[in-house]
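Below: one structure, written as structure tokens.
The values are calculated or read from the model by the stated rules, or taken from the named source; none is laboratory data. The structure presented is a predicted model; accordingly, all values stated were derived computationally and were not measured. All Cβ positions, even for glycine, are placed from backbone atoms using ideal geometry, and neighbour counts span all protein chains on display. These area figures cover heavy atoms from the full protein model, side chains too; ligands, DNA and RNA do not enter into them. Shrake-Rupley method; radii C 1.70, N 1.55, O 1.52, S 1.80 Å.
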Amino acid sequence: TRDEFGSLVEAFNTMAGELAGSQQKLEHSRLDLERKNQQLDERRQYIETVLERIATGVVSLGAAGQIETINGAALRLLEVDRSVIGVRADDVIAREDLKPLGILLKQTQGGGDPAPVVQEIALLRDGRELHLAAAATPLLRDDGSAGGAVLVFDDVTPLIRTQRVAAWRDVARRL
């Protein structure tokens with residue numbers, strides 16, 4: 001009909017159609033979000049698996065300086081356990097044998113420069129030296145403020161020993 005009742009029915013049908021369209025869009029968005037979350041979970045799991053299997057130690061620090069993640073190689077090389085997660089890195093590296101790492105981390109603080117700080121560090125363990133090739137990279141937020149850091153280190157002690165043996169061989173050969 002063309003009266004008020006007909007206009008009301010037409011408006012109701014239009015509104016119902018718009019609601020159905022909105023509901024479809026919402027359902028598509030929800031499915032898309034679920035798919036993206038699943039992809040993110042798979043990527044996170046992949047990265048965690050890779051980090052856990054590599055021989056290089058990796059430690060990530062939050063903006064407040066707390067340890068957020070640490071892989072198995074880092075646990076072994078630093079001789080700490082998983083209870084350090086959530087603890088401030090300054091408290092962990094306050095241990096006498098880990099102080100050189102603290103010096104490296106302090107160089108990344110202050111923000112501004114996202115370049116990694118790379119050093120060879122010697123840690124004294126049970127009367128022997130453990131040589132680490134270490135790199136500390138500051139993480140910056142979009143606004144340029146400090147967002148934490150990533151510390152990566154590798155045991156280069158066998159390489160240092162080999163270089164020393166080669167140097168002594170060269171000295172002996174020259175003599």
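Here's a check for you: in the stretch 116-146, which residue that is of a type in the set (Asp, Glu) and in contact with a strand residue (DSSP E or B) (Cβ under 7 Å, 6 or more places away or on another chain) is most open to solvent (accessible area, probe 1.4 Å)?
It comes out as GLU120.
In the stretch 31-46, what count of residues is obtained for those that are of a type in the set (A, V, I, L, M, F, W, C) and open to solvent by less than 90 Å² (accessible area, probe 1.4 Å)?
1
Consider only pairs whose beta carbons are under 6 Å apart and that are at least six residues apart or on different chains; among these, list those whose first residue lies in the stretch 83-109 and is within 14 Å of ILE121 (Cβ to Cβ) and whose second residue is at pLDDT 85 or above and in a loop (DSSP other than H, G, I, E, B).
LEU101/ILE93; GLY102/ILE93
With the structure loaded, tell me whether ALA149 is open to solvent by less than 50 Å² (accessible area, probe 1.4 Å), in contact (Cβ under 8 Å) with a residue 60 or more places away in the chain and not basic (Lys, Arg) or whether it fails that test.
So ALA149 fits the description; yes.
Checking ARG82 against (1) open to solvent by 20 Å² or more (accessible area, probe 1.4 Å); (2) under 17 Å from the mean Cα position of the chain (by Cα); (3) more than 15 Å from VAL58 (Cα to Cα), which single condition isn't satisfied?
Of (1) open to solvent by 20 Å² or more (accessible area, probe 1.4 Å); (2) under 17 Å from the mean Cα position of the chain (by Cα); (3) more than 15 Å from VAL58 (Cα to Cα), only one is false for ARG82: (3).
Evaluate the following for SER22: is it more than 30 Å from THR69 (Cβ to Cβ), free of Cβ contacts under 8 Å to residues at least 12 places away in the same chain, surrounded by 10 or more Cβ atoms within 10 Å (Cβ to Cβ) and within 38 Å of the chain's Cα centre (by Cα)?
So SER22 does not fit the description; no.
Inspect the stretch 86-106 for any residue being on the phi < 0 side of the Ramachandran plot, touching a Ser or Thr at 6+ places or on another chain (Cβ under 8 Å) and of a type outside the set (Phe, Trp, Tyr) and give the result as yes or no.
No - not one qualifying residue is present in the stretch 86-106.
Kindly indicate whether any position in the stretch 108-115 is open to solvent by less than 50 Å² (accessible area, probe 1.4 Å), within 30 Å of GLN45 (Cβ to Cβ), assigned to a helix (DSSP H, G or I) and at pLDDT below 85.
Yes; the residues of the stretch 108-115 include at least one that is open to solvent by less than 50 Å² (accessible area, probe 1.4 Å), within 30 Å of GLN45 (Cβ to Cβ), assigned to a helix (DSSP H, G or I) and at pLDDT below 85.
Which residues, counting only those in the stretch 149-174, are closer than 18 Å to ARG128 by Cα and either in a helix (DSSP H, G or I) or of a type in the set (Lys, Arg) (or both)?
Passing the criteria: THR157, PRO158, LEU159, ILE160, ARG161, THR162, GLN163, ARG164, VAL165.
Quick check on the stretch 159-170. Is at least one of its residues open to solvent by less than 50 Å² (accessible area, probe 1.4 Å), modelled with pLDDT of 85 or more, within 21 Å of ALA122 (Cβ to Cβ) and in contact with a His (Cβ under 8 Å, 6 or more places away or on another chain)?
There is at least one residue in the stretch 159-170 that is open to solvent by less than 50 Å² (accessible area, probe 1.4 Å), modelled with pLDDT of 85 or more, within 21 Å of ALA122 (Cβ to Cβ) and in contact with a His (Cβ under 8 Å, 6 or more places away or on another chain).
Inspect all residues belonging to the stretch 56-68 and state whether any of them is surrounded by 10 or more Cβ atoms within 10 Å (Cβ to Cβ), of a type in the set (Asp, Glu) and touching a helix residue (DSSP H, G or I) at 6+ places or on another chain (Cβ under 8 Å).
No, every residue in the stretch 56-68 fails to be surrounded by 10 or more Cβ atoms within 10 Å (Cβ to Cβ), of a type in the set (Asp, Glu) and touching a helix residue (DSSP H, G or I) at 6+ places or on another chain (Cβ under 8 Å).
Before we move on, is ARG95 at pLDDT below 90 and open to solvent by 70 Å² or more (accessible area, probe 1.4 Å)?
Answer is yes for this residue.
Just to be sure before I move on: is ALA74 in contact (Cβ under 8 Å) with a residue 24 or more places away in the chain, within 17 Å of the chain's Cα centre (by Cα) and crowded, with 19+ Cβ neighbours inside 10 Å in the structure I sent?
Spelling it out, ALA74 is indeed in contact (Cβ under 8 Å) with a residue 24 or more places away in the chain, within 17 Å of the chain's Cα centre (by Cα) and crowded, with 19+ Cβ neighbours inside 10 Å.
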